[in-house]
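Novice: Here it is, the structure in full.
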């Protein structure tokens with residue numbers, strides 16, 4: 001394994017939930033105001049993923065007063081406290097940019113009540129830390 005990959009694995013979070021495109025999520029983000037820090041929750045639908053490894057980020061979209069608001073969150077940032085999956089959606093595309101042109105009820109996605117769909121947030125892609133198991137016995 002090369003050195004860059006080792007450094008990247010050391011800085012990756014292990015607590016990222018398994019979520020994907022079309023899922024409704026609550027992102028708890030640390031906001032610094034002056035000398036105080038607080039957690040702000042951004043609720044919305046995941047419309048895209050970008051990058052890989054520690055640079056992996058997700059774009060979340062929501063409607064506020066009839067206006068669409070999108071925010072991109074780096075998943076392995078220390079500023080992202082937690083991510084909670086509220087519901088899963090059935091989608092047939094990797095990017096949901098078409099939701100930008102829709103308003104009202106047209107932005108709803110069908111709920112996924114069955115098994116999880118792929119691609120997801122990076123689980124199973126070989127990016128997560130692997131447990132090497134028990135150490136071999138010294139002889």
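A short reminder: the numbers here are calculations on the coordinates, not readings from a lab. From a predicted model like this one, the values you see are computed outputs, not experimental measurements. Because the Cβ atoms are built from the backbone with ideal geometry, glycine has one as well, and the counts that use them run over all protein chains shown.
Novice: Going by C-beta contacts inside 10 Å, put 35, 26 in order with the fewest on the left. Mind dumping the intermediate values first?
Specialist: On the way: 35 5, 26 14.
The fewest-first ordering by Cβ neighbours comes to 35, 26.
Novice: Give, in nm to one decimal, the length gained when the segment between residue 87 and residue 100 is fully stretched (0.36 nm per residue of separation minus the Cα-Cα distance).
Specialist: Values: separation 13, 0.36 × 13 = 4.68 nm, distance 2.00 nm.
Full-extension gain reported as 2.7 nm.
Novice: Ranking 19, 42, 49 by Cβ neighbours within 10 Å, fewest first, what do you get? Can you show the working numbers first?
Specialist: Details: 19 23, 42 16, 49 20.
Least crowded to most crowded, the residues run 42, 49, 19.
Novice: Compute the FRET efficiency between residue 63 and residue 18 as 1/(1 + (r/R0)^6), taking r as their Cβ-Cβ distance and R0 = 25 Å, and round to the nearest 0.05. It would help to have the intermediate numbers written out before the result.
Specialist: Values: r = 25 Å, r/R0 = 1.02.
E between residue 63 and residue 18, to the nearest 0.05, is 0.50.
Novice: A further question on this structure: For the stretch 1-97, how big is Rg over Rh, using alpha carbon atoms and the Kirkwood form of Rh? Display every interim value, and only then the final one.
Specialist: On the way: Rg = 14.6 Å, Rh = 14.5 Å.
Dividing the radius of gyration by the Kirkwood radius yields 1.01.
Novice: On to the next question. Classify the stretch 2-54: rounded, prolate or oblate, from the alpha-carbon gyration tensor (a ≥ b ≥ c, eigenvalue square roots; a/c under 1.5 rounded; otherwise prolate if a/b is larger than b/c)?
Specialist: On the way: a/c = 2.72, a/b = 1.23, b/c = 2.21.
The shape class here is oblate.
Novice: Here's a follow-up. Taking the beta-carbon count within 10 Å as an exposure proxy, list 43, 57 from fewest neighbours to most.
Specialist: Ranking 43, 57 by Cβ neighbours within 10 Å, fewest first, gives 43, 57.
Novice: Please compute the length gained on full extension between residue 112 and residue 37, using 0.36 nm multiplied by the number of residues separating them and subtracting their Cα-Cα distance. Present the calculation step by step, with values, prior to reporting the outcome.
Specialist: Working: separation 75, 0.36 × 75 = 27.00 nm, distance 3.56 nm.
Here the answer is 23.4 nm.
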